[in-house]
Amino acid sequence: MNFTHYSLLAATALATLSILPACNDAKTAAASENKAVTLGTATDSAETATITTAGTATAATTNNAGSPATIPATERADAATITARPQVPILCYHQIRDWRPRDSKGAKDYIVPVEQFKAQIKMLADSGYHTILPDQLYAYLTTGAALPSKPVMLTFDDTDLDQFTIAKPTLDKYGYKAVYFIMTVSLGRPNYMSKAQVKQLSDEGNIIGSHTWDHHNVKKYQGQDWVTQIEKPTKQLEEITGKKINYFAYPFGLWNPEAIPELKKRGMDAAFILAEKRDQQDPLYTIRRIIASGYWSPRTLHNSMVNSF
């Protein structure tokens, strides 16, 4: 991902695919929509906050929770019950690489230096966190199903190659699994993952989710945009992985109520935003995440998780 190109594709570029947009445009896009993305307010402190466990779950469970399709509609909680359940910490990562001289101050929020990333993940493991996957989260939210103690979900946006070459080996070291939200326009391009690498992630027990074709703002979709940005990329990812794709992350974390029925029509069981308020009518389509900032020490990340969720 090149942070010197902080702009969405123009209409002509959509045809040529000559420019790749980046999820790291979040601040610019959010400002234009009067929706500032909150990265969190925690700072280093001599005091370490107490980690809370989501819900009352204490039993250690596997990552093999049944899919949403296995949960009858009559057994799913209503929106108020889902919203009332304690939130599970969900972290959002983008690039895992060392900072470069040309990286702007804002860009560094989205670029976690390699050793910093390794230290953050080690902190999670040393603190007793267990990674969960979306099916587990869905079951917990809709039925109250038990989760492991200290659950956390790790998510990666935009298909960056370093997520495969650096992040994956680090997670493998601790037996952690993650969710990779793929922007399909970038597949196979320099510095991005290949189709084979995406399939490998899926085959090894990670979850592949949709992050649109080329990262256009969902709030601006009209007509055919839903086919271009959601239907076709979802079908492509299903062909690559051989599995149903039913989880979605909004580009820039930006969403509107009109988008939710469109996602439902296209087979999405849940969707992820960033650090904004959830929709009270459809909380499953506005599940919160926080950006894991490149500026954060392990302790700051720990504190922010506790304070944000």
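Taking the numbered list (1) more than 13 Å from the chain's Cα centre (by Cα); (2) modelled with pLDDT under 95 in turn, TYR295 passes all entries but (2).
Residues of the range 140-178 being of a type in the set (Phe, Trp, Tyr), in contact with a helix residue (DSSP H, G or I) (Cβ under 8 Å, 6 or more places away or on another chain) and either without any contact (Cβ under 8 Å) to a residue 24 or more places away in the chain or over 12 Å from HIS94 (Cα atoms) (or both), which ones?
Step one: filter the range 140-178 for residues of a type in the set (Phe, Trp, Tyr), giving 140, 156, 164, 174, 176.
Within this subset, residues satisfying the condition of being in contact with a helix residue (DSSP H, G or I) (Cβ under 8 Å, 6 or more places away or on another chain) are 156, 164, 174, 176.
Answer for the range 140-178, where residues must be of a type in the set (Phe, Trp, Tyr), in contact with a helix residue (DSSP H, G or I) (Cβ under 8 Å, 6 or more places away or on another chain) and either without any contact (Cβ under 8 Å) to a residue 24 or more places away in the chain or over 12 Å from HIS94 (Cα atoms) (or both): TYR174, TYR176.
Considering only residues that are within 22 Å of TYR110 (Cβ to Cβ), surrounded by fewer than 21 Cβ atoms within 10 Å (Cβ to Cβ) and of a type in the set (A, V, I, L, M, F, W, C), which ones fall in the range 251-278? Within the range 251-278, just ALA275 meets the criteria.
Any residue at all in the range 86-106 that's modelled with pLDDT of 95 or more, over 21 Å from PRO298 (Cβ atoms), in a helix (DSSP H, G or I) and not polar (S, T, N, Q)? Checking the range 86-106: not a single residue is modelled with pLDDT of 95 or more, over 21 Å from PRO298 (Cβ atoms), in a helix (DSSP H, G or I) and not polar (S, T, N, Q). When GLN281 is tested against the conditions (1) in contact with a Leu (Cβ under 8 Å, 6 or more places away or on another chain); (2) closer than 23 Å to PRO68 by Cβ; (3) surrounded by fewer than 23 Cβ atoms within 10 Å (Cβ to Cβ), the lone failure is (1). Just checking, which of SER194, SER202, SER210 is surrounded by fewer than 22 Cβ atoms within 10 Å (Cβ to Cβ), in contact (Cβ under 8 Å) with a residue 12 or more places away in the chain and among the small types (Gly, Ala, Ser)? Checking each option against the conditions leaves just SER202. Output yes when any residue across the range 284-307 is of a type in the set (Gly, Ala, Ser), assigned to a helix (DSSP H, G or I) and farther than 15 Å from TRP213 by Cβ, and no when none is. There is at least one residue in the range 284-307 that is of a type in the set (Gly, Ala, Ser), assigned to a helix (DSSP H, G or I) and farther than 15 Å from TRP213 by Cβ. Six or more apart or on different chains, Cβ under 6 Å: which pairs go from a residue in the range 283-309 that's closer than 26 Å to LEU263 by Cα to one that's in a helix (DSSP H, G or I) and small (Gly, Ala, Ser)? Could you list them? Qualifying pairs under 6 Å: PRO283/ALA79; ILE290/SER308.
Is it fair to say ASP135 is in contact with a Ser or Thr (Cβ under 8 Å, 6 or more places away or on another chain) and among the acidic types (Asp, Glu)? So ASP135 fits the description; yes.
If you check ALA57 against the conditions, is it in a helix (DSSP H, G or I) and at pLDDT below 50? No: the conditions fail for ALA57.
For the range 125-146, the set of residues classified as surrounded by fewer than 22 Cβ atoms within 10 Å (Cβ to Cβ), among the hydroxyl-bearing types (Ser, Thr, Tyr) and closer than 19 Å to LEU171 by Cα consists of SER127 only.
Residues in the range 251-269 that are touching a residue at least 40 places away in the same chain (Cβ under 8 Å) and farther than 17 Å from PRO233 by Cβ: 2 in all. Scan the range 218-232 residue by residue and report those that are surrounded by 22 or more Cβ atoms within 10 Å (Cβ to Cβ) and touching a residue at least 24 places away in the same chain (Cβ under 8 Å). Hits for the range 218-232 are VAL218, ILE230.
The values are calculated or read from the model by the stated rules, or taken from the named source; none is laboratory data. What you see is a predicted model; the values in this text were computed from it and never measured. Reconstructed Cβ throughout: ideal geometry from the backbone, glycine too, with neighbour counts over all protein chains shown.
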